[in-house]
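Q: Let me begin by handing over the structure; questions about it come next.
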Amino acid sequence: QVQLVESGGGLVQAGGSLSLSCAASGRTFSNFAMAWFRQAPGKEREFVASISRSGGTTNYADSVKGRFTISRDNAKNTVYLQMNALKPEDTAVYYCAADAGPNSGTFYYTLSYDYWGQGTQVTVSS
């Protein structure tokens, strides 16, 4: 069993920056591929970014590429999402997710992930 605890959400003006953190516990963090998803009111949950177990491979949604950076610190059992040049369209609840494996799923599918955080609200004002 794995628990994911998110933090860092808040209110920011358009063009600003925000950093999210997700701390994992319960088993070996380095065994998990990790991802961030987001869900705006009235919309489906969508993929934002993912990172491989070692941190060597990252993937981003086209909508955030060049603005967001996902990273991880396996020694701290934590994954991060640095968000720059924020837009009002980025407003959503952001969730971290863990793929425990051992088989790897498709990184941009919600069903590929076994554990989810509680979500943290990010609001970008125009």
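Q: Report the Cα-based extents of the chain along its three principal axes, largest first, to the nearest Å.
A: 42, 26, 25
Q: For the range 60-75, just list the computed ³J(HN,Hα) in residue order, Karplus coefficients 6.51, -1.76 and 1.60, θ = phi - 60°, integers in Hz, with x standing in for Gly and Pro.
A: 3J(HN,Hα) across the range 60-75, in whole Hz: 9, 5, 4, 5, 10, 4, x, 10, 10, 9, 9, 8, 8, 10, 5, 5.
Q: Also, quick follow-up: Hey, which aspartates and glutamates would be in cross-link range of K43, C-alpha to C-alpha under 20 Å, not counting anything within fewer than 8 residues on its own chain?
A: D62, E89, D90
Q: Send over a whole-number figure in Å² for the accessible area per residue of the range 54-126, probe 1.4 Å.
A: Value returned for the range 54-126: 52 Å² of accessible area per residue.
Q: Running a GNM on the chain with Cα contacts under 10 Å, which residue among G26, G56, G42 ends up with the highest mean-square fluctuation?
A: Of the options given, G42 has the highest mean-square fluctuation.
Q: Let me ask something else about it. Explain nothing, just compute: Karplus ³J(HN,Hα) = 6.51 cos²θ - 1.76 cosθ + 1.60, θ = phi - 60°, for every residue of the range 113-123 in order, whole Hz, x for Gly and Pro.
A: Per-residue couplings from phi come out as 10, 9, 9, 9, x, 7, x, 9, 7, 10, 10 Hz.
Q: How much of the accessible area of the chain, in percent, comes from carbon and sulfur atoms when a 1.4 Å probe is used?
A: Here carbon and sulfur together make up 47 percent of the probe-accessible area.
Q: Where the only charges are on Cβ atoms (+1 Lys, Arg; -1 Asp, Glu), what is the dipole of the chain about its Cα centre, to the nearest 20 debye?
A: Charge dipole of the chain: 160 debye, to the nearest 20.
Q: If you don't mind, another one. Give me the one-decimal nm value for the distance between modelled label points at N74 and L11, 7 Å along each residue's Cα-to-Cβ direction.
A: In this crude label model, N74 to L11 measures out at 4.1 nm.
The values are calculated or read from the model by the stated rules, or taken from the named source; none is laboratory data. Please read these numbers as outputs of a predicted model, since none were measured by experiment. Neighbour counts run over all protein chains shown; Cβ positions are idealised from the backbone, glycine included. Keep in mind that these areas ignore ligands, DNA and RNA; they rest on the heavy atoms of the full protein, side chains included. Shrake-Rupley method; radii C 1.70, N 1.55, O 1.52, S 1.80 Å.
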